[in-house]
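The values are calculated or read from the model by the stated rules, or taken from the named source; none is laboratory data. Quantities reported herein were computed from a predicted structural model and do not represent experimental measurements. Cβ sites come from the backbone with ideal geometry, for glycine too, and all protein chains shown count toward neighbours.
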Amino acid sequence: MTTPAPPRDTPEKPWRSEGAPPPPPQQPKPPRISWIRLVLFAVVVYLLADLLLSLFGNANSISVTYTEFSKQLNAGQVAEIYAKGDTIQGKLKSAQPKPDNGKGSYTDFTTQRPVFAEDNLWATLEAKGVVVDAEPVVKERSFLANLLISLAPMLLLVVLWLVIARRLGSGGMGGLGGLAKKGPPRPVTQGPGERRTTFADVAGIDEVKAELTEVVDFLKHPETYRRMGAKMPRGVLLAGPPGTGKTLLARAVAGEAGVPFFSASASEFVEMIVGVGASRVRELFTEARKVAPAIIFIDEIDTIGRARGGNAMGGHDEREQTLNQILTEMDGFSGSEGVVVIAATNRAEVLDPALLRPGRFDRTVTVSPPDREGRRAILAIHTREVPLAPDVDLEQVARITPGMTGADLANLANEAALLAVKRGLTQVGAREFSDALEKVQLGAKRSLVMPEEERRRTAYHESGHALLGMLHPGADPVRKITIVPRGRALGVTLSTPDADRYSYTEEYLRSRIIGALGGMAAEQVVYGMVTTGAESDLEQVTSIARGMAGRWGMSERVGRLTAIPNDTQGAYGLSSAPATLDAVDGEARRIVAECYAEACRQLTDHRPQLDALADALMDHETLDEEAAYRVAGMPRGGRG
C-alpha cells in the first residue's frame, strides 16, 4: 500500500517535499483596519445610490407628443409644467382619485415644443390655471452621478485588473511580477500516522530495484563513496510505459534512504511568462541543496525536455529556458552534495541529447511491465488489506493478465473489492476477480435488447473468432465467449496467452489475423454477407499486417527493412519513398486476403462445430473456457 501523496505546497511552488524539517510556527497577524478602504467604500456607495435615484426616480414619467399635450392643456388636465428651452416637463391630472385621500393623482410627462409652433402657450397656461414652476418636475442627475457614469468603464477595468493582480499574487499594481513571486518554502512533513514508501511496496521490477539500490546506499553512506573517489550519477531517468511504477520507485528510493523528497511535474514549471519556469527550477534546486541529502523527482520530464531545434517554426521560449536552467543546475553538481535528480518519462526517445549526456541524466533505467511472477507479487501487495476468499489463486490471476502494469493490477484488485461490496459479500472471491477482469478488459455490461436474428448473427460472429482460435496451432487459448453487449461491442471473445510473449513469429501473427477475421468469415459462411460489426477487428488486422510488411521484415517484396515508423517516430511515411509505401500497402492487402481465405476455409470445413458454439451462446449467452472447448469438441489447446 503506497503512502498517500502529501498536500500541495503554495501555488508559487509546484514541487512537494517530504522529510524536511518543519518551518518554525508563525503567529497569526492581527487584523488591520484600512480607513482608506472604508472611506472609498462609503464614497462608492453614495455615488451608486445617487445614480440609482437619478436613473429610477423618473420611472413613472411618460413621453407624450406636443399635439397630445395641447389637447390635455385645452381640456384642463395639465396641473403643472416646467420648461427649459423646447423641453417641457409637467404633471397630468388623473381621472381616478386616490382611495386614501380622495385627491386626484398626477402623472409625470415630458414633451418637446416644436420651434415652428406659433400658439400663444403662455396665455393658454394662464387661462387654464396651470402652475408654472422654476424647479424641474423630474430630478436631473447630479454632477457626481454624471461623473460616475462617464468613468464607469475605466473604473470597471481598474477593478478587473486589481482582481487579476491579486489572484496572481502581485499584491497591487506591480504588473505581472507576482507570477514569479518567491519566498521561503514550507516543506510538507509526514504526520505521525503516516509511513514512508519503501521497496517493500514495489514488486515485479526487481532488476530496477537492484539498480536503484546503489542510489539508496550512496544517500545513506556518502562518506564510503567519497573515500574511494566514487561519484554517484547526478541524474537517473526512469523510462517506461504509463502505469509501470516510475513515481512509486522514486518515492521508494527516498523512503529507503530516509531523505527529503521533492516532487514536481514538469508541466507545472511552464507558464505564459518567459523566465518563470527557470526561476522555479533555480529555487527548487536551491532548497534541495539546503536539506541535502535529498531527492528531486521530476515527473513527465518530456514536457520540457524535448529535443530543441526540431520544429521548423521555432521553439517554445519558456520551455527551452526552463530546460536550459535544469541543464545548468545539474552541471553545478559536484557529486558530493548528496542531491540526486530522478526523472520519469514514457517518451525517452524525444528527450534532448544534452539532457542524457554523462554528467546529467547519465543513468537510464527501463521500467517494463512485469512478468507473471511480478504480477503475482504486485497482486499480493495490492490485496494485503483485501479479505480474500479461499478460492482466490493469485497465481492464476497473474497468468491470465499478461501485459498488465502495476496500475492495471491495482485497478483490477480495487474493482474486485467494489464488486464484493456491491454483492454484500464479506470476502473477495475468484468470481469477483473474473468479473472485474472482464469489466476492465471488455467494458461494463450494457442493457441492450437485440432482436433474435441479430443475437444469432452476433453468436455466429463470436463463435467464428473462438473456433479459429481453437483450431489454429499456436493461437492464444480462448478464455471466454459472450454475446452480452459490453462497452461498444455487441459481443466479445477473450483470448490470452498462457505465458508472456516477448517476440512474435510470423505464424503467430498470422494466427492473430485469422482469429480477428473469424467473425467476418463466419458471417460470410453462414449468411453470405458481412455487417459492420467487424470494424475493430479490421483495425487490429490492418495494424498487424502493415507491421509485418513494413516494420518486421516479413515480406519478400518489401525486403528486410523498416519502411514505416512506429508510434513514437512521427507521422507515417516520412522516411520512405512512395514506391516503398505502395509496396507495404500491397503486401498488407495480400497477407490479409490470404488469412481471410484461410479463415473461411476452416470455418466451412468445421461448420458443425461453428453451429454448436452459436447454439450454446444463444442458450447461455456466455461460455467460459472449459465450456467452450467442450461444446466445440476439442481438447484444451486445439490441434497444437
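What tally of residues in region 408-434 results from selecting those that are crowded, with 16+ Cβ neighbours inside 10 Å and either of a type outside the set (S, T, N, Q) or touching a Cys at 6+ places or on another chain (Cβ under 9 Å) (or both)?
Here the count works out to 16.
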* Asked: Do we find that D435 is of a type in the set (D, E) and outside any helix (DSSP H, G or I) in this structure?
  -> no
* If we scan region 370-386, do we find a residue that is assigned to a strand (DSSP E or B) and either at pLDDT 90 or above or surrounded by 14 or more Cβ atoms within 10 Å (Cβ to Cβ) (or both)? -> no
* To do: Sort out which residues of region 517-547 are in contact (Cβ under 8 Å) with a residue 60 or more places away in the chain and either small (G, A, S) or more than 30 Å from R560 (Cα to Cα) (or both), and write them in order of number.
  => G518, M520, A521, A522, E523, Q524, V525, V526, Y527, T531, G533, A534
* Selection within region 394-427 - in contact with a Ser or Thr (Cβ under 8 Å, 6 or more places away or on another chain) and outside any helix (DSSP H, G or I) -> I400, T401, P402, T405
* Structure fact -> Within region 466-476, the count of residues that are crowded, with 18+ Cβ neighbours inside 10 Å and not in a helix (DSSP H, G or I) comes to 3
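Give R186, R195 a once-over and let me know the one that is closer than 30 Å to P369 by Cα and modelled with pLDDT under 75.
R195
In region 483-498, which residue that is part of a strand (DSSP E or B) and of a type in the set (V, I, T) is nearest to the chain's Cα centre (by Cα)?
V492
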* Structure fact -> From the option list Y508, Y460, single residue qualifying as out of contact with any helix residue (DSSP H, G or I) (no Cβ under 9 Å at 6 or more places or on another chain), touching a residue at least 12 places away in the same chain (Cβ under 8 Å), more than 24 Å from E395 (Cβ to Cβ) and not assigned by TED's automatic domain parsing to the domain that holds D393 is Y508
* To do: Within region 234-268, track down each residue that is hydrophobic (A, V, I, L, M, F, W, C) and in contact with a Lys or Arg (Cβ under 6 Å, 6 or more places away or on another chain).
  => V236, L238, A257
* Going by the structure shown, is G487 free of Cβ contacts under 8 Å to residues at least 24 places away in the same chain and either at positive phi or of a type in the set (D, E) (or both)? -> no
* Structure fact -> If we ask which residues in region 499-539 are under 34 Å from the mean Cα position of the chain (by Cα) and assigned to a loop (DSSP other than H, G, I, E, B), their number turns out to be 6
* Asked: When you look at S555, is it of a type outside the set (V, I, T) and within 25 Å of V449 (Cβ to Cβ), yes or no?
  -> no
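Rundown of residues vs (1) buried (at least 18 other Cβ atoms within 10 Å of the Cβ); (2) touching a Phe, Trp or Tyr at 6+ places or on another chain (Cβ under 9 Å); (3) modelled with pLDDT under 90, yes/no style:
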residue: A489; (1), (2), (3): yes, no, yes
residue: T496; (1), (2), (3): no, no, yes
residue: S503; (1), (2), (3): no, no, yes
residue: R512; (1), (2), (3): yes, yes, no
residue: G515; (1), (2), (3): yes, no, no
residue: M520; (1), (2), (3): yes, yes, no
residue: V525; (1), (2), (3): yes, yes, no
residue: V530; (1), (2), (3): no, no, yes
* Evaluate region 249-270: report whether one residue or more is part of a loop (DSSP other than H, G, I, E, B), of a type in the set (V, I, T) and over 16 Å from F199 (Cα atoms). => yes
* Test G553 against the stated conditions and say whether it is without any contact (Cβ under 8 Å) to a residue 40 or more places away in the chain, part of a loop (DSSP other than H, G, I, E, B), more than 35 Å from the chain's Cα centre (by Cα) and loosely packed, with under 14 Cβ neighbours inside 10 Å. => no
